[in-house]
1. Looking at (1) surrounded by 14 or more Cβ atoms within 10 Å (Cβ to Cβ); (2) of a type outside the set (Gly, Ala, Ser); (3) in contact (Cβ under 8 Å) with a residue 40 or more places away in the chain, find the lone condition where Gln117 falls short.
2. I need a count of the residues in the stretch 80-106 that are farther than 24 Å from Gln41 by Cα, out of contact with any Lys or Arg (no Cβ under 9 Å at 6 or more places or on another chain) and outside any strand (DSSP E or B).
3. Mind counting the residues in the stretch 45-79 that are in a strand (DSSP E or B) and surrounded by fewer than 17 Cβ atoms within 10 Å (Cβ to Cβ)?
4. Please go through the stretch 24-44 and give me each residue that is without any contact (Cβ under 8 Å) to a residue 40 or more places away in the chain and either part of a loop (DSSP other than H, G, I, E, B) or among the acidic types (Asp, Glu) (or both), ordered by number.
5. One residue is enough: does the stretch 14-23 have a residue meeting the conditions β-branched (Val, Ile, Thr), modelled with pLDDT of 95 or more, assigned to a strand (DSSP E or B) and more than 12 Å from the chain's Cα centre (by Cα)?
6. Might you check whether a residue that is of a type outside the set (Gly, Ala, Ser), in contact with a helix residue (DSSP H, G or I) (Cβ under 8 Å, 6 or more places away or on another chain), more than 19 Å from Gly113 (Cβ to Cβ) and without any contact (Cβ under 8 Å) to a residue 12 or more places away in the chain occurs anywhere in the stretch 156-171?
Amino acid sequence: MSVLNICTYPDPVLKQKAVPVEKIDESLKGLIEDMLDTMYQAPGIGLAANQVGKPVRLIVFDVTPKDQPRNPRVLINPEIVCSEGSQSHEEGCLSVPDFYTEVKRCSKVTVRGLDAQGQPVEVEGEGLLAVVLQHEIDHLDGFLMLDRISALKRALYKKRRQKQLKSQDETG
């Protein structure tokens with residue numbers, strides 16, 4: 001098990017657009033395992049590769065309730081091919097520490113990509129799964145949930161985060 005360092009706002013890698021995965025090799029499979037370990041350790045329900053400093057189009061997620069066995073999912077080169085409806089859901093993000101807010105997203109999405117073995121897959125998501133898919137694919141496109149909220153909320157968070165980082169620098 002290898003837990004990776006999660007990049008946090010304002011790390012520039014979080015604004016990078018991830019590049020498509022060209023080949024599925026042992027290195028990529030190792031990254032998938034490490035990302036799953038990292039996501040569960042955090043704990044989180046989704047993680048995009050650029051959140052661990054690897055700007056490639058890869059996400060892992062698991063929206064299984066905590067009282068049920070884990071069901072980790074992997075999508076390589078995911079793309080939203082269909083979306084409909086609208087919902088607001090409270091979101092948090094491992095790369096945006098100590099911040100939760102309502103974010104408006106589509107209520108249903110269909111995502112195509114490849115599984116960990118390189119086989120084409122299609123995932124249809126509603127509710128929380130739809131939120132997670134959109135949230136993680138946003139990361140791959142260089143967007144944070146901060147980019148989906150009001151300018152005022154974003155400015156307040158950025159100011160608070162700057163204070164946190166400044167106090168960390170002073171203490172440590």
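The values are calculated or read from the model by the stated rules, or taken from the named source; none is laboratory data. The shown structure was predicted, so the numbers you read here are calculated from the model rather than taken from an experiment. Using ideal geometry, Cβ is built from the backbone for each residue, glycine included, and neighbour counts are taken over all protein chains shown.
1. Answer for Gln117: the failing condition is (1).
2. So in the stretch 80-106, the residues farther than 24 Å from Gln41 by Cα come out as 80-88, 102-106.
Remaining after also requiring out of contact with any Lys or Arg (no Cβ under 9 Å at 6 or more places or on another chain): 102, 106.
Remaining after also requiring outside any strand (DSSP E or B): 106.
Residues meeting the conditions: 1.
3. We begin by selecting, within the stretch 45-79, every residue in a strand (DSSP E or B); these are 46-48, 56, 58-61, 73-79.
Filter once more, keeping what is surrounded by fewer than 17 Cβ atoms within 10 Å (Cβ to Cβ): 79.
Result for the stretch 45-79: 1.
4. Across the stretch 24-44, the qualifying residues are Asp25, Glu26, Glu33, Asp34, Asp37, Pro43.
5. Going through the stretch 14-23, the residues β-branched (Val, Ile, Thr) turn out to be 19, 21.
Filter once more, keeping what is modelled with pLDDT of 95 or more: 19, 21.
So of that shortlist, the ones also assigned to a strand (DSSP E or B) come out as 19.
Retained after the next criterion (residues that are more than 12 Å from the chain's Cα centre (by Cα)): 19.
Yes, some residue in the stretch 14-23 is β-branched (Val, Ile, Thr), modelled with pLDDT of 95 or more, assigned to a strand (DSSP E or B) and more than 12 Å from the chain's Cα centre (by Cα).
6. Step one: list which residues in the stretch 156-171 are of a type outside the set (Gly, Ala, Ser), which gives 156-166, 168-171.
From the residues that got through so far, the ones that are in contact with a helix residue (DSSP H, G or I) (Cβ under 8 Å, 6 or more places away or on another chain) too are 157-158.
Retained after the next criterion (residues that are more than 19 Å from Gly113 (Cβ to Cβ)): 157-158.
Checking which are without any contact (Cβ under 8 Å) to a residue 12 or more places away in the chain leaves us with none.
No, the stretch 156-171 contains no residue that is of a type outside the set (Gly, Ala, Ser), in contact with a helix residue (DSSP H, G or I) (Cβ under 8 Å, 6 or more places away or on another chain), more than 19 Å from Gly113 (Cβ to Cβ) and without any contact (Cβ under 8 Å) to a residue 12 or more places away in the chain.
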